[in-house]
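The values are calculated or read from the model by the stated rules, or taken from the named source; none is laboratory data. Bear in mind that the values here come from a model prediction, so they are computed numbers and not experimental data. So basically every Cβ, Gly included, is an ideal-geometry build from the backbone, and we count neighbours across all protein chains shown. When the accessible area is computed, the model is the full protein with side chains, heavy atoms only, and any ligands, DNA or RNA have been set aside. Shrake-Rupley method; radii C 1.70, N 1.55, O 1.52, S 1.80 Å.
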Amino acid sequence: MKKTKKKFDNGSESLPPMGFNVIVREFSKDKIAMISLAIILITLIGVFAGSIIIDQGALMKVDIFNSYASPSSEHWLGTDISGRDIFGQLIIGAKNSLLIGFSITIITSIIGVTIGIISGFYGGVIDNILMRIVDFVMILPMQMIIIVFVTIIPKYTIFSFILIMSAFYWVGKARLFRSKTLSEGRRDYVSASKTLGTGDLKIMFREVMPNLSSLIITNLTINFAANIGIETGLSFLGFGLPSDTPSLGTLIGYAKTSDVLADKVWVWLPASLLILVLMLSINYIGQAIGRSADAKQRLG
Amino acid sequence: MELITINDLKVHYPIRSGFFNRVTDYVYAVDGVDFTIERGKTYGLVGESGSGKSTIGKAIVGLEKITSGSIIYEGQDVTKKRVRKGMQYNKDVQMIFQDSMSSLNPKKRVIDIIGEPIRNFEKLSDQEEKKKIKGLLDIVGMPEDALYKYPHEFSGGQRQRIGVARAVATNPKLIVADEPVSALDLSVQAQVLNFMKKIQREYNLSYLFISHDLGVVKHMCDNIAIMNKGRFVEIGTREDIYTNPQHIYTKRLLSAIPKIDVADREEHKELRRKVEREYVQNEKEYYGSNGRVFDLKNVSPTHQVALASAKSGGVQ
Amino acid sequence: MWKTILRRILLMIPQVIILSVFIFALAKAMPGDPFTGLITPNTDPNRIEELREQSGLNDPWPEQYVNWVKKAATGDFGQSYVKKMPVATVIADKAINTVWLSLLTFVLTYAIALPLGLLAGRYQNSIFDRIVVIYNYVSFAIPPFVLSLVMLWFFGYKLGWFPTSGSGTVGLVQGTFSYAWDKVMHLILPAVTQALLATAVTIQYLRTEVIDAKTQDYVRTARSKGVPEGKVYTRHIFRNASLPVASTLGYEITGLIGGSIFIETIFGYPGMGKLFIDSLVGRDYSVITALVLILGIDTLVGTLLSDIILSIVDPRIRIQ
Amino acid sequence: MAAGDQLLDIQDLHTGFRIKDEYYDAVDDVSLTLDKNEILAIVGESGCGKSTLATTIMGLHDSKNTRITGEIIYNDLNLIDLNETLYNQIRGNDIGMIFQDPLSALNPLMRVGDQIAEGLTYHTTLNKEQRTERVLELLDQVGIPDPLRISKQFPHELSGGMRQRVIIAIAISCKPPIIIADEPTTALDVTIQAQILDLLKDLQAETQAGIILITHDLGVVAETADRVAVMYAGQIIEQATVQELFENPLHPYTRSLLNSMPQEDAVTDELHVIEGVVPSLTKLPHHGCRFAQRIPWIPAREHETDPILHEVTPGHLVRCTCYKHFHFKDEKGEE
């Protein structure tokens, strides 16, 4: 609308802040977002309920005589090379992937957002130092280095995997939120708060951060999907979760042998589909939230 | 009664260039400015964009790091952040911003926006605080139901009034108003100016009124300083400046303001062109060798102008 | 211009140093050394120790680092533990394959992304745009290894249109048409897959940039001059909208080389990515170290390239 | 002012924007004429529809979301019926436009000279050398020193005043008989503003063009315009020659605008103010006087139900009869 582009508008049409109800309204207007949300909720409930019932020890027990059994009433989705039930691994694997993706997202977000805001707010020397560190991590071939770390770390566990991933993936966020803080900090309300006697910490996290909240949430969701992708990807290559821990990536990894890929579709296809559906849904939710944050793109 | 004294204030920004990105030069945003603000009066700071007028305002409220000079308030130099914190300087010196939309946090309700300085500088109970905020809204002519609204729900003029209410919340002695009405429509501008005058009468405030609009400045200010290239070219009372301008830059500014006087517009145009010709011809005489504005010389006890004629020197 | 580039290169030096220290430390943290591979049950431990002493492995770290850098600078990355030949030779052999793959991917990516992104932005909300948005969204969300597997399974195994592994069929004579065709056939599937994945970001960028540029004042100025609609797009909107994409070209080119681990592994394409995984499995640490270093420098060159491209296409940056 | 040389005749023009499947008229029932060698000022506060009027005349609205009715007659053509191709022959060639923000109105990636030459490629038969020559001539005409060097620079290398001169050079490149200047000096300092306005007048003296000057600054109007139309909430509420309007303003809105200006000579303590703001597009009343809600102390019976423009004296038009009964709130001693 050309009218709203006017510089000094009456303001009644200017963008309202994005609140929770704006997100709710955006979702109610967007069927696919609702479906995605439903899929995610159902998967979450199914996976976590399932993982309570399933005994991981029993599940991962090798049963050589049942190697690559086709789907049957006993093994709904058949078995893998060691005769372990695919369906059970799918449930536990999904749980692991979701939890790991979630943990990495939270850790990297806390570090990235904090460092980004501090760097952008103070500028000067602090910004220079922090950004040089970020620059350095950015030029590392991360994927390779993570893989190398995974192989050389003794007593490698889920926990160390999360830490390795988090150590590298906060930098992008720090950079993103630094630039957003820089542009946000140019707005006069930040100057106003300074002259009103508000402390720096309070300005950063109570004044500026709420104005970045929509971006933080959007970034969080899309990152969540990306991190699941990275975890399963590394597990797929064999450099992700420890081999005794079920993972969607490991299941799909069986397809690296052409025999499984071509003829034993039940081993890798369900996990692939599950990942695909999860990623699509989470991403779609993220984009819907992103749209509700941007008044120009809102559906209504 | 003296409130604030500014001595030889300088704000220089480094320009980096060259192969090693070293500081090769400076932008002399503010380059040696002295003046005094007295209690209950309004001072106009006029100049074109880039003249350094906003930088002075920001330096006074503590938003700008100064290069040298001092700002003396109650006997202390408030150019240091620590000093300002220690004496609760910003309780007494407040600011009104140009862009009302950007100066109010879009995520906060009016009650929290106006409450911010009160919470920082005074210890009031929730009830007292709310009462005080309601009182402030009333002073700027806003209804009580504004308390729980967000900035975007108001018009530009209303938002600027909220900004005014916030600035006076801690009963300050000086308010720096940086182009407070230049983003507003004419009729709304008049509303805000009226409120600013009313508040001044009630609180015995001083204003430092920064603007490029000589009409508004004339309406608001007792004393006026004209800025050019980071320095004052002329300073005096309203009458001094408007009836007896001495510096070519002041003359140019005054002659360039469009006048609501249709009958004589050809004469205005002629006058303007005359001033412009004089400026083009004699520019060198009004400025020092490197284009720097001269030091101020007294014309009368209230009126000073930066001309070389009185005595030579002044160029560093 | 040249000064800017030269300064940018000089700025890279400390980055290269930090990078090399980091990788050297990483290499030292890896188990094994060049002689681990020689050890058989009947080697004399003292003999191994002697060899280690001779090749400076017992020197203090700083000294070792300097030696390592000196050698690396001349292309000497030591011996492969597993293949018993110079690491440089091992890598060079695979690098050429990766370069071919990257080149084809690069061409395909922009051949797909440029028209889709620009036209979707121009005809926003048309059916074409909606299809592009859906395509874009799916290609953004799909994990690379899932798409690769599905592509390989479907086009390689189910339809059998393309070879399912390797970079060429053994036995064909170099220089003949069938040799070249065979090479291309091996390239197509991995390249298309990689390109499909790479288009996602570019299309999204271009589309939003075009939509954004459409509302800019200078576009209105162009219209008010009476510039025909088609020219408004080609001369004004598309040029401005392509700017951010142009600035990522550098990353893209070098990023492709490093980003092909999944593709090469799944399609069994013998490039650097696959070499990296194979070396990890075979614990061939000298190769790994060299690869990480090469790719680190490759990324650095990418950022340099991006900066240079941006300073060429954007006059506002050129000045500074 | 040469009478009778009418360039543009606008009748009953409406420009409606679609907001959620309904059209709201940002320009509502506007009728205007523009003569040769005349400066017609259109004045009003933000949101009154003056810029929309300009962009409507230029045909810059996308037909999917706007509804335009009425007539814009130029050379016996009704512009609103033209298709894109025909309109492109008018734009730039017959009507030139000058914009408010000179930085964003120029393409940051194109050399200034190329941007000026662009219009020439579509409207003239000049070859490349001739175009370059014409560009230098234009730059010289708008008072830019060293045209050759400037023509090869990019917009960000120029000062604000220089950029605005470039915009003017673009607008006059094909010698259009009509120029629309939309807030041409709002983004500039006063001294530069004076230069630009003088430049416009000088150019007009050469070309005899008719200029529509859109502004919110009454001072600019008083200094430059021949005739004035005051807009409020999409409508013209008063129209007169510039002398008549400033000496004898009739409509309450015009009077209130003039009164809220800080006066040059008298330093009054209080400025006259009419409370409230221009109602937003979606909240406009369909009938009745649009200014009525801002002057509630004037009884409803004094307003017309469907206000029309009355010709009070020849050439002086005012909408709604309420002007006859208007007084400022505090003038009557109330409150």
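When residues in segment C:107-133 are screened for being within 25 Å of the chain's Cα centre (by Cα) and modelled with pLDDT under 90, 0 of them pass. When restricted to residues that are closer than 20 Å to B:LEU307 by Cβ and open to solvent by 60 Å² or more (accessible area, probe 1.4 Å), segment B:257-277 contains 2.
For residues in segment C:269-285 being open to solvent by 20 Å² or more (accessible area, probe 1.4 Å) and farther than 18 Å from C:LEU197 by Cβ, which is farthest from the other protein chains (Cβ to nearest Cβ)?
Of everything passing the filter in segment C:269-285, C:PRO270 is farthest from the other protein chains (Cβ to nearest Cβ).
With respect to C:ILE134, determine if the residue is open to solvent by 30 Å² or more (accessible area, probe 1.4 Å) and not acidic (Asp, Glu). So C:ILE134 passes the test. Answer yes if at least one residue in segment C:237-248 is under 27 Å from C:ILE23 (Cα atoms) and either open to solvent by 10 Å² or more (accessible area, probe 1.4 Å) or within 14 Å of chain D (Cβ to nearest Cβ) (or both), and no otherwise. Yes: one or more hits. When D:GLU247 is tested against (1) surrounded by fewer than 18 Cβ atoms within 10 Å (Cβ to Cβ); (2) touching a strand residue (DSSP E or B) at 6+ places or on another chain (Cβ under 8 Å), exactly one condition is not met: (2). Scanning segment A:251-273 for residues that are open to solvent by 40 Å² or more (accessible area, probe 1.4 Å) and either facing chain C (nearest Cβ under 10 Å) or among the β-branched types (Val, Ile, Thr) (or both) yields A:LYS256, A:THR257, A:SER258, A:ASP263, A:LEU269, A:LEU273.
In the set (1) within 14 Å of chain C (Cβ to nearest Cβ); (2) open to solvent by 10 Å² or more (accessible area, probe 1.4 Å); (3) of a type outside the set (Lys, Arg), the condition left unmet by D:ILE73 is number (1).
For segment B:116-134, filtered to residues that are more than 10 Å from every other protein chain (Cβ to nearest Cβ) and touching a residue at least 24 places away in the same chain (Cβ under 8 Å), the residue that is surrounded by the most Cβ atoms within 10 Å (Cβ to Cβ) is B:ILE133. Scanning segment B:214-239 for residues that are of a type outside the set (A, V, I, L, M), out of contact with any Ser or Thr (no Cβ under 9 Å at 6 or more places or on another chain), within 12 Å of chain D (Cβ to nearest Cβ) and buried (at least 21 other Cβ atoms within 10 Å of the Cβ) gives a single hit, B:LYS218.
Yes/no per residue for (1) within 25 Å of the chain's Cα centre (by Cα); (2) under 30 Å from D:THR186 (Cβ atoms); (3) within 11 Å of another protein chain (Cβ to nearest Cβ); (4) not hydrophobic (A, V, I, L, M, F, W, C):
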site: B:HIS212; (1), (2), (3), (4): yes, yes, yes, yes
site: B:ASN244; (1), (2), (3), (4): yes, no, no, yes
site: B:TYR249; (1), (2), (3), (4): yes, yes, yes, yes
site: B:ILE257; (1), (2), (3), (4): yes, yes, yes, no
site: B:ILE260; (1), (2), (3), (4): no, yes, yes, no
site: B:VAL280; (1), (2), (3), (4): no, yes, no, no
site: B:TYR287; (1), (2), (3), (4): yes, yes, no, yes
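Residues of segment B:52-70 include at least one that is more than 11 Å from chain A (Cβ to nearest Cβ), more than 30 Å from B:SER155 (Cα to Cα), within 18 Å of the chain's Cα centre (by Cα) and modelled with pLDDT under 95. Residues of segment C:291-307 that are open to solvent by less than 30 Å² (accessible area, probe 1.4 Å) and among the aliphatic types (A, V, I, L, M): C:LEU291, C:VAL292, C:LEU293, C:LEU295, C:LEU300, C:LEU304.
Going through (1) open to solvent by less than 10 Å² (accessible area, probe 1.4 Å); (2) modelled with pLDDT of 90 or more; (3) closer than 20 Å to A:THR108 by Cα; (4) in contact with a Gly (Cβ under 9 Å, 6 or more places away or on another chain) one by one, A:THR195 falls short only on (3). Residues in segment B:187-212 that are closer than 22 Å to D:TYR253 by Cβ and surrounded by fewer than 22 Cβ atoms within 10 Å (Cβ to Cβ): 2 in all.
Residues are listed down the side, and each one gets a yes or a no for (1) away from every other protein chain (no Cβ under 14 Å); (2) modelled with pLDDT under 80:
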residue	(1), (2)
C:VAL16	no, no
C:PHE24	no, no
C:ASP44	yes, yes
C:GLY56	yes, yes
C:ASP59	yes, yes
C:GLU63	yes, no
C:VAL87	yes, no
C:LEU103	yes, no
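Among the residues of segment B:123-146, those that are touching a Lys or Arg at 6+ places or on another chain (Cβ under 8 Å) and at pLDDT below 90 comprise B:LEU124, B:ILE139, B:VAL140, B:GLY141, B:MET142, B:GLU144.
Here B:VAL188, B:VAL217, B:VAL164 are screened, and the one residue that is at pLDDT below 90 and not in a strand (DSSP E or B) is B:VAL188. Taken together, the criteria place C:THR221 among residues that are open to solvent by less than 20 Å² (accessible area, probe 1.4 Å), more than 30 Å from A:ASP263 (Cβ to Cβ) and free of Cβ contacts under 8 Å to residues at least 40 places away in the same chain.
Residue count for segment B:51-83 under the criterion of being assigned to a helix (DSSP H, G or I) and within 29 Å of B:ASN228 (Cβ to Cβ): the result is 9.
Condition check ((1) crowded, with 20+ Cβ neighbours inside 10 Å; (2) touching a residue at least 40 places away in the same chain (Cβ under 8 Å)) across all residues:
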residue: C:ALA95; (1), (2): no, yes
residue: C:TYR110; (1), (2): no, yes
residue: C:ILE127; (1), (2): no, no
residue: C:ARG130; (1), (2): no, no
residue: C:PHE140; (1), (2): yes, yes
residue: C:PRO144; (1), (2): yes, yes
residue: C:LEU147; (1), (2): yes, yes
residue: C:LYS158; (1), (2): no, no
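In segment B:98-113 there is at least one residue that is out of contact with any Leu (no Cβ under 9 Å at 6 or more places or on another chain), in contact (Cβ under 8 Å) with a residue 12 or more places away in the chain, in a loop (DSSP other than H, G, I, E, B) and buried (at least 23 other Cβ atoms within 10 Å of the Cβ). Total residues in segment C:87-104 satisfying the condition of being within 17 Å of C:ASP278 (Cβ to Cβ), among the hydroxyl-bearing types (Ser, Thr, Tyr) and touching a helix residue (DSSP H, G or I) at 6+ places or on another chain (Cβ under 8 Å): the figure is 1. Selection of segment B:19-50 for residues being open to solvent by less than 20 Å² (accessible area, probe 1.4 Å) and not in a strand (DSSP E or B) yields only B:GLY47.
Just one of the listed residues (C:ILE266, C:ILE288) is under 26 Å from the mean Cα position of the chain (by Cα) and open to solvent by 10 Å² or more (accessible area, probe 1.4 Å), and it is C:ILE266.
Scanning segment B:241-256 for residues that are over 21 Å from B:LEU296 (Cα atoms) and either open to solvent by 20 Å² or more (accessible area, probe 1.4 Å) or of a type in the set (Asp, Glu) (or both) returns no hits.
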